[in-house]
Amino acid sequence: VAPDSGKVVQGFSREDLFTVVLEHFHTDTADYADYILPATTQLEHWDVHLSYGHTDVLLNRPAIAPQGQARSNAQIFRDLAARMGFTEPGFADSDEALCRQAFGDAVDYALLESQ
């Protein structure tokens, strides 16, 4: 979704660019990646999001365990943070805890869970 996709391709083609992509399947962006890490799908991870065209907030619960070596984006970042020695409390929050924090007091998380 770039107005000048040629420039995007040029940018991804740079020799000095190291690119890691978190994906469920091979995409155009993944074509330029140095590493592709298997990300979970919506069926495999916790998430909260707004619905398109409405003011509703939706809670996405995992329906199945992550397949193969897939991990959620948040889990990948937690693992990276730990490996890099970051000890800030935010790096220890689970995916579900991040969902609870996403909208703060603006959303009743208990109500989302009950639906």
Options 78, 71; residue that is open to solvent by less than 50 Å² (accessible area, probe 1.4 Å) and either acidic (Asp, Glu) or in contact (Cβ under 8 Å) with a residue 12 or more places away in the chain (or both):
78
Among the listed residues 41, 55, 87, which satisfies the condition of being surrounded by 10 or more Cβ atoms within 10 Å (Cβ to Cβ), without any contact (Cβ under 8 Å) to a residue 40 or more places away in the chain and either among the β-branched types (Val, Ile, Thr) or closer than 30 Å to residue 115 by Cβ (or both)?
41
Determine if region 43-54 includes at least one residue that is within 23 Å of residue 111 (Cβ to Cβ), in contact with an Asp or Glu (Cβ under 8 Å, 6 or more places away or on another chain), in a loop (DSSP other than H, G, I, E, B) and of a type in the set (Phe, Trp, Tyr).
yes
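Residue check: is residue 110 in a helix (DSSP H, G or I) and open to solvent by less than 50 Å² (accessible area, probe 1.4 Å)?
Numbers: in a helix (DSSP H, G or I): yes; open to solvent by less than 50 Å² (accessible area, probe 1.4 Å): no.
Criteria not met by residue 110.
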Determine whether residue 36 is among the aliphatic types (A, V, I, L, M), under 25 Å from residue 112 (Cβ atoms) and either modelled with pLDDT of 95 or more or out of contact with any Cys (no Cβ under 7 Å at 6 or more places or on another chain) (or both).
no
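Collect the residues in region 93-107 that are of a type in the set (A, V, I, L, M), open to solvent by less than 80 Å² (accessible area, probe 1.4 Å) and free of Cβ contacts under 8 Å to residues at least 40 places away in the same chain, keeping them in residue-number order.
Narrowing region 93-107 to residues of a type in the set (A, V, I, L, M): 97-98, 102, 106-107.
Still in the running and open to solvent by less than 80 Å² (accessible area, probe 1.4 Å): 97-98, 102, 107.
Matches in region 93-107: 97 only.
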Those residues of region 14-35 which are surrounded by 10 or more Cβ atoms within 10 Å (Cβ to Cβ), of a type in the set (A, V, I, L, M, F, W, C) and not in a helix (DSSP H, G or I) amount to 17, 20, 21, 22, 33
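The values are calculated or read from the model by the stated rules, or taken from the named source; none is laboratory data. In this text, all values refer to a predicted model and were calculated from it rather than measured experimentally. Counting neighbours? That spans all protein chains shown, and the Cβs are built from the backbone with ideal geometry, glycine included. The accessibility values were calculated without ligands, DNA or RNA, using every heavy atom of the protein model including side chains. Shrake-Rupley method; radii C 1.70, N 1.55, O 1.52, S 1.80 Å.
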